[in-house]
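Visitor: Below is one structure. I have some questions about it.
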Amino acid sequence: MEDERSFSDICGGRLALQRRYYSPSCREFCLSCPRLSLRSLTAVTCTVWLAAYGLFTLCENSMILSAAIFITLLGLLGYLHFVKIDQETLLIIDSLGIQMTSSYASGKESTTFIEMGKVKDVVINEAIYMQKVIYYLCILLKDPMEPHGISQVVPVFQSAKPRLDCLIEVYRSCQEILAHQKATSASP
Amino acid sequence: MVENSPSPLPEREVYGFPPRRPVFFLSSQFGFILYLVWAFIPESWLNSLGLTYWPQKYWAVALSVYFLITIVIGYLLLFGINIMSSSPLNSIHTITDNYAKNQQQKKYQEEAIPALRDIPISEVNQMFFLATK
């Protein structure tokens with residue numbers, strides 16, 4: 001069963017949340033970030049090339065112009081491959097664990113898996129980020145030493161940064177699965 | 001009607017705010033007058049008075065400019081230090097700290113206001129986001 005809704009991120013850009021209910025114990029959330037806009041691409045290219053042309057008129061060395069072209073191309077490729085994240089996915093499987101996948105604009109995918117035995121809870125936390133206070137969803141990991149302690153905090157949806165309405169939807173679904181998991185693990 | 005408030009009264013405003021520590025006030029006023037004398041009166045007049053050992057007049061302007069720029073940079077620096085020292089999003093300090101971990105659990109008494117304590121984040125989240133929306 002699939003469901004798609006549109007939300008906005010903390011800067012006001014549009015996000016699309018796709019929810020897939022595979023079974024009562026397995027759910028997937030897919031957040032798509034806005035694509036690289038043509039406007040920002042042309043703006044950056046124009047600034048770099050104007051700066052290079054300004055340097056060229058000062059130095060009279062034409063290597064600067066070709067260097068600027070190379071830098072723009074390599075910079076764009078590096079940005080698409082290492083920085084620009086297209087889609088972030090959170091997959092929760094009841095008895096197995098939680099998997100987070102980020103897929104970049106160049107097609108690269110990076111995956112992190114946390115097994116259910118280590119997961120203490122999934123919560124919405126508030127923290128200071130730059131000059132704002134934002135809500136973000138994070139996974140709390142258990143501390144092997146202390147029964148009620150938290151050893152690590154793993155934030156999810158780091159580059160999409162959705163707002164609270166989207167986070168509440170994801171939070172409620174995660175809590176249903178975690179409650180289901182606790183109920184089945186408590187009963188022998 | 002006698003006003004005992006420390007705020008500037010109309011008849012006192014001519015003389016400035018009544019000082020708490022007259023020593024600091026007088027010495028700062030004296031320092032300021034001395035600075036003005038040094039900055040404005042030409043070298044020859046001061047020399048004729050017999051006061052010859054002064055710093056160069058360049059410093060009269062330079063020091064005030066340095067001071068003002070330090071204040072402006074101080075604003076920016078303070079803002080930057082505040083941003084740098086806020087915990088990153090994956091830090092445990094956004095959730096709990098040593099005081100919260102070691103807090104004592106007080107017994108619940110009937111008809112009394114419950115004692116102040118740090119509630120774990122899971123409970124807070126359940127109360128805010130799961131309870132009847």
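Visitor: Would it be correct to say that A:L17 is under 16 Å from the mean Cα position of the chain (by Cα), among the aliphatic types (A, V, I, L, M) and surrounded by 10 or more Cβ atoms within 10 Å (Cβ to Cβ)?
Guide: Criteria met by A:L17.
Visitor: If you don't mind, there's one more thing I want to ask. May I ask you to verify whether B:L78 is within 14 Å of chain A (Cβ to nearest Cβ) and assigned to a loop (DSSP other than H, G, I, E, B)?
Guide: No, not satisfied.
Visitor: While we're here: Condition first: within 14 Å of chain B (Cβ to nearest Cβ), modelled with pLDDT of 95 or more, out of contact with any Gly (no Cβ under 8 Å at 6 or more places or on another chain) and part of a strand (DSSP E or B). Can you find one or more residues in segment A:101-111 that meet it?
Guide: no
Visitor: Continuing with this model, one more query. Within segment A:80-95, identify whether any single residue is under 27 Å from A:P34 (Cβ atoms), in contact (Cβ under 8 Å) with a residue 40 or more places away in the chain and assigned to a helix (DSSP H, G or I), and answer yes or no.
Guide: yes
Visitor: Right, next: When both residues are 6+ apart or on different chains and their Cβ atoms are under 9 Å apart, which pairs have a first residue that lies in segment B:93-116 and is within 14 Å of another protein chain (Cβ to nearest Cβ), and a second that is assigned to a helix (DSSP H, G or I)?
Guide: Going by the 9 Å Cβ cut-off, the qualifying pairs are B:I95/B:I121; B:T96/B:I121.
Visitor: Any idea how many residues of segment A:177-188 are within 12 Å of another protein chain (Cβ to nearest Cβ) and either under 19 Å from A:M100 (Cβ atoms) or crowded, with 18+ Cβ neighbours inside 10 Å (or both)?
Guide: So the count comes out to 1.
Visitor: Next question, about the same structure. Looking at (1) surrounded by 13 or more Cβ atoms within 10 Å (Cβ to Cβ); (2) assigned to a helix (DSSP H, G or I), which is the only condition A:I114 fails?
Guide: (2)
Visitor: Out of A:Q87, A:Q18, report the one residue that is closer than 15 Å to A:S159 by Cβ and either modelled with pLDDT of 90 or more or of a type in the set (V, I, T) (or both).
Guide: After applying the criteria, what remains is A:Q87.
Visitor: Still on this structure, please answer the following. Confirm whether A:I93 is crowded, with 16+ Cβ neighbours inside 10 Å, in contact with a strand residue (DSSP E or B) (Cβ under 8 Å, 6 or more places away or on another chain) and within 14 Å of chain B (Cβ to nearest Cβ).
Guide: Criteria not met by A:I93.
Visitor: Additional query: Return only the number of the condition from (1) within 16 Å of A:G149 (Cα to Cα); (2) free of Cβ contacts under 8 Å to residues at least 24 places away in the same chain; (3) surrounded by 10 or more Cβ atoms within 10 Å (Cβ to Cβ) that B:L130 does not satisfy.
Guide: Checking B:L130 against (1) within 16 Å of A:G149 (Cα to Cα); (2) free of Cβ contacts under 8 Å to residues at least 24 places away in the same chain; (3) surrounded by 10 or more Cβ atoms within 10 Å (Cβ to Cβ), the one that fails is (1).
Visitor: Let me ask something additional. Do the conditions hold for A:Y104, that is, is it assigned by TED's automatic domain parsing to the domain that holds A:D9, more than 30 Å from B:N98 (Cα to Cα) and of a type in the set (F, W, Y)?
Guide: So A:Y104 passes the test.
Visitor: List every residue pair whose Cβ atoms lie under 6 Å apart, where the two residues are 6 or more positions apart in sequence or sit on different chains, the first residue falls within segment A:117-129 and is at the interface with chain B (Cβ under 7 Å from one of its Cβ atoms) and closer than 17 Å to B:H93 by Cα, and the second residue, located anywhere, is among the aliphatic types (A, V, I, L, M) and part of a strand (DSSP E or B).
Guide: As it stands, the answer is A:D121/A:L140; A:I124/A:L137, since those pairs meet every condition given.
Visitor: Only one residue in B:I41, B:I95 is modelled with pLDDT under 85 and surrounded by 10 or more Cβ atoms within 10 Å (Cβ to Cβ). Which one?
Guide: B:I41
Visitor: Just checking, which of A:L50, A:L65, A:L55, A:L77 is in a helix (DSSP H, G or I), in contact (Cβ under 8 Å) with a residue 24 or more places away in the chain and more than 30 Å from A:E176 (Cα to Cα)?
Guide: Of A:L50, A:L65, A:L55, A:L77, the one residue that is in a helix (DSSP H, G or I), in contact (Cβ under 8 Å) with a residue 24 or more places away in the chain and more than 30 Å from A:E176 (Cα to Cα) is A:L77.
Visitor: Let me ask something additional. Give the number of residues within segment A:138-160 that are in contact with a Phe, Trp or Tyr (Cβ under 9 Å, 6 or more places away or on another chain) and more than 10 Å from chain B (Cβ to nearest Cβ).
Guide: 2
Rundown of residues vs (1) touching a strand residue (DSSP E or B) at 6+ places or on another chain (Cβ under 6 Å); (2) surrounded by 14 or more Cβ atoms within 10 Å (Cβ to Cβ); (3) at pLDDT 95 or above; (4) not β-branched (V, I, T), yes/no style:
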residue: A:W49; (1), (2), (3), (4): no, yes, no, yes
residue: A:A52; (1), (2), (3), (4): no, yes, no, yes
residue: A:S62; (1), (2), (3), (4): no, no, no, yes
residue: A:L74; (1), (2), (3), (4): no, no, yes, yes
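Visitor: With a cut-off of at least 1 residues that are buried (at least 18 other Cβ atoms within 10 Å of the Cβ) and touching a His at 6+ places or on another chain (Cβ under 6 Å), name the strands (runs of 3 or more DSSP E) lying wholly within segment A:118-173.
Guide: Those strands (runs of 3 or more DSSP E) do not exist here; none qualify.
The values are calculated or read from the model by the stated rules, or taken from the named source; none is laboratory data. Everything quoted here is computed from the prediction, not taken from an experiment. Virtual Cβ from ideal backbone geometry, glycine too; neighbours counted across all protein chains shown.
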